[in-house]
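Below: the structure, in structure tokens.
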Amino acid sequence: MAVKVRIPTPLQRLTQGKEEVEGKAGTVIELINDLETKYPGIAERISEGGKVRRFVNIYVNEEDIRFLQAEQTPVKDGDEVSIVPAIAGGK
């Protein structure tokens, strides 16, 4: 079993159109680095310098990692991770 990662539409071109991919357990940043080995270019759109980009939200089992341990939040086999780009809006 692996970690399930939901990929947002704008990044699916990097995952050959897949909405969901699998990655290795570890921490969130290790998971991002693992995805980079399989889908080159994805890490730079999600993270920079070992930190998740400001306008990217990541959830582990529907919990926002900003309220957990951020990039060091552990992920284990069977967990579901969602990558959600922030949406800016206004008038």
Phi to ³J(HN,Hα) by Karplus 6.51 cos²θ - 1.76 cosθ + 1.60 over the stretch 37-54, Hz, x for Gly, Pro: 5, 8, 9, x, x, 6, 4, 5, 8, 9, 9, 8, x, x, 10, 5, 4, 4
Unit charges on C-beta of K, R, D, E only; dipole of the chain, Debye: 400 debye
Geometric extent, Cα atoms of the chain - Rg, Dmax (angstrom): 12.3, 45
For SER47, residues with placed amide H under 5 Å, excluding near neighbours: ARG53
Highest-first arrangement of 12-20, 72-80, where packing means the average Cβ count within 10 Å: 72-80, 12-20
Residues whose placed amide H lies under 5 Å from that of ILE7, excluding near-sequence neighbours: GLU20, VAL21
³J(HN,Hα), Karplus 6.51/-1.76/1.60, whole Hz, each residue of the stretch 19-32, x for Gly, Pro: 7, 9, 10, 10, x, 7, 5, x, 10, 4, 5, 5, 5, 4
Inverse mean reciprocal Cα-Cα distance (Kirkwood Rh) of the stretch 10-56, Å: 10.9 Å
Order of exposure, largest accessible area first, which applies to TYR59, TYR39 with probe 1.4 Å: TYR59, TYR39
Cut-off under 5 Å, modelled amide H: who pairs with ASN57 long-range: VAL84, ALA86
Lysines whose Cα lies under 24 Å from that of LYS76, excluding same-chain neighbours fewer than 8 positions away: LYS4, LYS18, LYS24, LYS38, LYS51
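The values are calculated or read from the model by the stated rules, or taken from the named source; none is laboratory data. Bear in mind the structure is a predicted one, so any value in this text is a computation, not a measurement. A quick note on method: Cβ atoms are made from the backbone with ideal geometry, for glycine too, and the neighbour counts reach across all protein chains shown. Accessible surface areas use protein heavy atoms only, side chains included; no ligands, DNA or RNA. Shrake-Rupley method; radii C 1.70, N 1.55, O 1.52, S 1.80 Å.
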